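Engineer: Once you've had a glance at the structure underneath, I'll fire off some questions.
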Amino acid sequence: MGDSNAHTSVGVVPSLDSEALAEAMRRYQSALNQHRVTIDRLNVYPVPDGDTGTNMALTLAAVTEELLRSGAGRGDICRAISHGALMGARGNSGVIVSQLLRGLAATLAPGDDDPDSDPPIDAGLLAEGLVAASTAADSAVMRPVEGTILSVARASAQAAQRALEALTPEEQGTGAMALAAVLESARQAGQAALEATPQQLPVLADAGVVDAGAAGYLLLLDALLSVVDGRPLPDEVDLPAEVAAVIAHGNAGTNLLSDPVDPVAEQRAELHSHLDGDDGGGHDVHDPSGTRYEVMFLLAAPDENIDQFKAAWDVLGDSIVMVGGDGLWNCHIHTDDIGPVIEAGIDVGRPHRIQITDLHEQVAGLGGHSAHGAHAGQHSAHGAHADDGTATADRPQVECAVVAVSPAAGLDELFASLGCHELVTGGQTMNPSTAELLAAIEAAPSQQVVVLPNNSNIVPVARQAGEHSDKTVTVVATTSVPAGLAALIGYDPDASADANAASMGDAADAVSAGEVTQAVRDTTAPTGDVAAGQWIGLDGGGISTAGDTAAAAAIGLLQNMLTSSHEILTLIEGAGAQTAETDEVMAWLAEHWPDVEVERHVGGQDHYPYLFGIE
């Protein structure tokens, strides 16, 4: 950013009213729309996954759509921001942004003693709001990872607080420059923190990028500054020269949303890896070499008891996540001690919808392949249940229904044949929102529902949707389409959601997933340098191989993944799969792995010509 006085001579406002706050949200969405491709290109892995920028833009689209329906008072505006962010959150980045915006809105909202008041948002209140936003996002994660949007939001908030304290009391209250000065300090500190993220998170340094979510967050401060002092929104994302050079030749995002995001269309058509404290790679991975059980439950407890609860859990396990407030919390932990984990919840409140998954136990997943034919054809792609007049009550009820996320029509048929009742369109290149998943949950013909996200970036949103349903909802954290298909082998429509979650989780864990796509920028992988345009094979550890053709990448990937213990390989062809190349892969399998049974399906998914599931 430039000199802090560069924009404070003309048109500076000393405070924001409700309309100005709403306008800042609209400008934030506009900035994210403009720069989403650049932010998407900051992905650690150079794959066309439409990740952070797209998800943040669509989350803010839901906010601005909610603002169109809200009243003009401060309370109305803040409720619209909070509710829109919550229900529109897409992917890990969307969930984090929703936490930030909800923390900000909660601070800026009028007090309960005077809900109709509309006090101005001055420098002091906004600084307090930025601190609350950072705290809300941090509090969702037991051990926030440095070098992410969380650390950049925290640095900005702390700088805003320092700038406020440096002003005299008179300047804080009435000074025309105070609000701009506080925001400018926050923006400059945030930029410095963004540029430091590769030093804090090695995976960013290895990829030659800065944190994408953090870059997207700084556009919020740009939007606020634009409203406060009239400066234009930035023409480019402010990136270090070496990072700009890394992504300059990539084409990430160019095939994802070629037109600007239309919030009305999105809403009518309808919580990053950071929440789980991972290493920034964007994957929620169950590591069977670590703690044995995954425990999740909703906790009804006073907010003031949560710190005590967190301290109790801190010594009982890891991968701890707590999201919520106002007396209801969604809690997640990996542990070896189930009893004490649940007892800690009882000590502070009432745990319910308890879900326990054994991360070590595995079953023969794909070997059965017994479709639950009684339910085939009962599914509906997202939107159909809203448009065709079919009510849930008119469909045969089951003890437990299944909602799955599917990226393409061919995969819709596969999921339906295995028993899915509701399908939500989405996947690697388009993460569904909380509202979309919630609508499918409510349409499912049961009061108990299992959700299969089938993508690590959709897992937190699925959990957030489940929190806001009156039904009993469990999420089996499938992180790939093959894992989702395998999970359905463990599905029993006559069993409870908890029982299904256990059996379906075991079935999903028994499958190793791989995928082939095209590198969208130059990068360095453990296997060597990868050039933009090369085909790459990815497994659970990242880039496993690279080749000049999709077939070469697929063969290299399978060579690294297959072992003598494997019996079944599911091959799912995408829209870009070439018949000659698929034949080449099949011939290689027949020659080198004649004892492995290959099940071949046409999924039709974009960007990924081959998906593999190995059991």
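Engineer: Under 6 Å between Cβ atoms, which residue pairs at least 6 apart in sequence (or on different chains) link something in the stretch 151-171 that is more than 15 Å from residue 130 (Cβ to Cβ) with a partner that is open to solvent by 80 Å² or more (accessible area, probe 1.4 Å) and among the β-branched types (Val, Ile, Thr)?
Structural biologist: Close Cβ pairs satisfying both conditions: none exist.
Engineer: On to the next question. Is there any pair with a first residue in the stretch 97-118 that is within 24 Å of residue 62 (Cα to Cα) and part of a helix (DSSP H, G or I) and a second that is at pLDDT 90 or above and open to solvent by 40 Å² or more (accessible area, probe 1.4 Å) whose Cβ atoms are under 7 Å apart and which are 6 or more apart or on different chains, and what are they?
Structural biologist: Pairs found: 103/135; 107/128.
Engineer: Shifting gears a bit: Between 256, 271, 233, which is among the aliphatic types (A, V, I, L, M), at pLDDT below 65 and open to solvent by 20 Å² or more (accessible area, probe 1.4 Å)?
Structural biologist: Among 256, 271, 233, only 256 is among the aliphatic types (A, V, I, L, M), at pLDDT below 65 and open to solvent by 20 Å² or more (accessible area, probe 1.4 Å).
Engineer: Further, regarding this structure: Does residue 577 satisfy being closer than 14 Å to residue 516 by Cα and out of contact with any Asp or Glu (no Cβ under 8 Å at 6 or more places or on another chain)?
Structural biologist: yes
Engineer: Between 140, 133, 109, 159, which is closer than 23 Å to residue 55 by Cα and either touching a Ser or Thr at 6+ places or on another chain (Cβ under 9 Å) or modelled with pLDDT of 95 or more (or both)?
Structural biologist: On inspection, the qualifying residue turns out to be 133.
Engineer: Moving to a separate point now. Only one of (1) open to solvent by 30 Å² or more (accessible area, probe 1.4 Å); (2) in contact with an Asp or Glu (Cβ under 9 Å, 6 or more places away or on another chain); (3) at pLDDT 85 or above; (4) of a type in the set (Val, Ile, Thr) fails for residue 568. Which number is that?
Structural biologist: Answer for residue 568: the failing condition is (1).
Engineer: If you scan the stretch 438-461, which residues turn out to be assigned to a helix (DSSP H, G or I), at pLDDT below 90 and touching a strand residue (DSSP E or B) at 6+ places or on another chain (Cβ under 6 Å)?
Structural biologist: Of everything in the stretch 438-461, those that are assigned to a helix (DSSP H, G or I), at pLDDT below 90 and touching a strand residue (DSSP E or B) at 6+ places or on another chain (Cβ under 6 Å) turn out to be 440, 443.
Engineer: What are the residues in the stretch 412-437 that are farther than 16 Å from residue 493 by Cβ, part of a helix (DSSP H, G or I) and touching a helix residue (DSSP H, G or I) at 6+ places or on another chain (Cβ under 9 Å), if any?
Structural biologist: Answer for the stretch 412-437, where residues must be farther than 16 Å from residue 493 by Cβ, part of a helix (DSSP H, G or I) and touching a helix residue (DSSP H, G or I) at 6+ places or on another chain (Cβ under 9 Å): 414, 434, 435, 436, 437.
The values are calculated or read from the model by the stated rules, or taken from the named source; none is laboratory data. Since the model is a prediction, treat every value here as computed from it, not as a measurement. Here Cβ is always computed from backbone atoms with ideal geometry, including for glycine, and neighbour counts include all displayed protein chains. Heads up: the accessible areas ignore ligands, DNA and RNA and are worked out on the full protein's heavy atoms, side chains in. Shrake-Rupley method; radii C 1.70, N 1.55, O 1.52, S 1.80 Å.
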